[in-house]
Amino acid sequence: MSTPVSGQIRVGIIGAGLIGQTHSMMLRQVADRTEQSVRVVSVADLSHPAAERLAARWDGARALESAEEIIADSSIDAVWICTPTAMHRQACIAAARAGKHIFCEKPLAMTAAEASEMAAAIKASGVMSQVGLVMRFSPVYNVIKAMFKEPDAGRLLSVTMRDDQDFPTRGVHASAWRNDPSLTAGGTLIEHSVHDFDLLTWMFGPVTSLYCRIRNLNGADGVEDFGATAMEFAGGFHGQLTSVWHRMIGRPSNRRLEVFAENLFAASDADERGPIVFQRGSGAKEETVSESEVMAEFSETILRERPYLAPIQDWLAVPYASEDAAFVAALKGACEPDPEFAAGVAAQRMVEAAYESARSRAAVPIKT
């Protein structure tokens, strides 16, 4: 484990867009509940007004125009990389070489090869790193995962997920770069459903092969708005993932998950707090785990497994808060970073296998 940061953790945020703003907000919640253990001291963005607006939320924080300025600052302990995907690699490798601890948003890079290069730089430098696979902190998925770990559930039979979102160049997401092939690693599969590929393997175990079809209706080369992926899990069961970027502005970004085991069915149309509909055994009726019950079970479990999240227990319903609090705790030496960088590399490799399958129109094995 790397040497923990002594004293207040000084953070530089690289990228002042939507996700940079989100992490700033979450770090504020962590700071206010941990005796100011962390503080954002610099924000960099190619749009200086955007950097100024975000920096203004932290007393004394500086607004800068380049990642290089943050990375060159010897007083900064850690960086949060929140830029468009194409800029992740350069910022990550430079930060690692400068001895900065690294939180990097997903997807890690434009290609799995680049992601592996970033991982190698981090390993060589000895800094701590964490990747933004935030769905691992979702209360509803933690509860569903636990349900299917119970022996009475029986063997898993099938997993089905639909992930849909308004095309994220407008509305609540409003990120024009998502439709620019020079800045994005692809479309809905890599820029959004990389979460799902990671989540499904985290919940149900490794995938041995997959078969994928994609479609592009929006016209930007390489930015697909539909993907259908069939997965074969090492556990001997089958999974399906449907990923959609649609044009229904105002429809909430969400996921539907359905899971069948021999003696248990569970489903949820909400990807944070539930509720969960489930049925156990023969002759039983469907029942519901309410949002409040999901949160009670999740809070008890995660605080037992990750006691260092106790200071933000009033924010556990927000996965981004748990994610950032976990990395802050790792930087202070309370735990190891989780999910670590390798998880992001593995998820990116799975998505690349999906793209390869779509090109070849054949199933592709997943290398472990």
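The values are calculated or read from the model by the stated rules, or taken from the named source; none is laboratory data. These numbers were taken from a predicted model, which means no experiment stands behind them. Because the Cβ atoms are built from the backbone with ideal geometry, glycine has one as well, and the counts that use them run over all protein chains shown. Calculation scope for accessible area: heavy atoms of the full protein, side chains included, ligands and nucleic acids excluded. Shrake-Rupley method; radii C 1.70, N 1.55, O 1.52, S 1.80 Å.
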Next item on the list: Report, ordered by the first and then the second residue, all pairs with beta carbons closer than 7 Å, sequence separation of six or more or different chains, a first member in the range 309-338 that is closer than 14 Å to M26 by Cβ, and a second member that is of a type in the set (G, A, S) and assigned to a loop (DSSP other than H, G, I, E, B).
Entry: P319/S138; E323/G132; V328/S37
Next item on the list: Answer with yes or no whether V244 is open to solvent by less than 10 Å² (accessible area, probe 1.4 Å), outside any helix (DSSP H, G or I) and of a type in the set (V, I, T).
Entry: no
Note to self: Restricting to the range 252-275, name every residue that is among the hydroxyl-bearing types (S, T, Y) and part of a loop (DSSP other than H, G, I, E, B).
What the structure shows: S253
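When the residues of the range 57-73 are narrowed to those that are open to solvent by 40 Å² or more (accessible area, probe 1.4 Å) and in a helix (DSSP H, G or I), which ends up nearest to A109 (Cα to Cα)?
E68
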Margin query: Of all residues being β-branched (V, I, T) and at pLDDT 95 or above in the range 154-187, which is surrounded by the fewest Cβ atoms within 10 Å (Cβ to Cβ)? Just the residue, please.
Written below: T160
Notebook entry, point to check: In the range 24-54, what residues are part of a loop (DSSP other than H, G, I, E, B), within 17 Å of E68 (Cβ to Cβ) and of a type in the set (S, T, Y)?
Noted result: S47
Checklist line | Unique match (being in contact with a strand residue (DSSP E or B) (Cβ under 8 Å, 6 or more places away or on another chain) and either part of a helix (DSSP H, G or I) or over 29 Å from I76 (Cα atoms) (or both)) among A310, A362, A325 | finding: A362
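Given the structure, is A234 open to solvent by less than 20 Å² (accessible area, probe 1.4 Å) and farther than 30 Å from V11 by Cβ?
Working: open to solvent by less than 20 Å² (accessible area, probe 1.4 Å): no; farther than 30 Å from V11 by Cβ: yes.
Criteria not met by A234.
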Next item on the list: Could you tell me which numbered condition M26 fails, if it satisfies all but one of (1) open to solvent by less than 20 Å² (accessible area, probe 1.4 Å); (2) without any contact (Cβ under 8 Å) to a residue 60 or more places away in the chain?
Entry: (2)
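Please tell me if E352 is assigned to a helix (DSSP H, G or I) and either within 23 Å of R89 (Cβ to Cβ) or open to solvent by 70 Å² or more (accessible area, probe 1.4 Å) (or both). Reasoning before the result, please.
On the way: assigned to a helix (DSSP H, G or I): yes; either within 23 Å of R89 (Cβ to Cβ) or open to solvent by 70 Å² or more (accessible area, probe 1.4 Å) (or both): yes.
In short, yes.
When the residues of the range 1-18 are narrowed to those that are crowded, with 22+ Cβ neighbours inside 10 Å and not small (G, A, S), which ends up nearest to P311 (Cα to Cα)?
Just the residues of the range 1-18 that are crowded, with 22+ Cβ neighbours inside 10 Å, to begin with: 9, 11-16.
Filter again for not small (G, A, S), leaving 9, 11, 13-14.
Details: I9: 16, V11: 19, I13: 23, I14: 26 Å.
By that ranking, first place goes to I9.
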Check: Restricting attention to the range 199-231, which residues are more than 27 Å from V140 (Cα to Cα), open to solvent by 60 Å² or more (accessible area, probe 1.4 Å) and of a type in the set (S, T, N, Q)?
Finding: N216
Margin query: When you scan the range 67-83, do you find a residue that is among the acidic types (D, E) and under 30 Å from R256 (Cβ atoms), even just one?
Written below: no
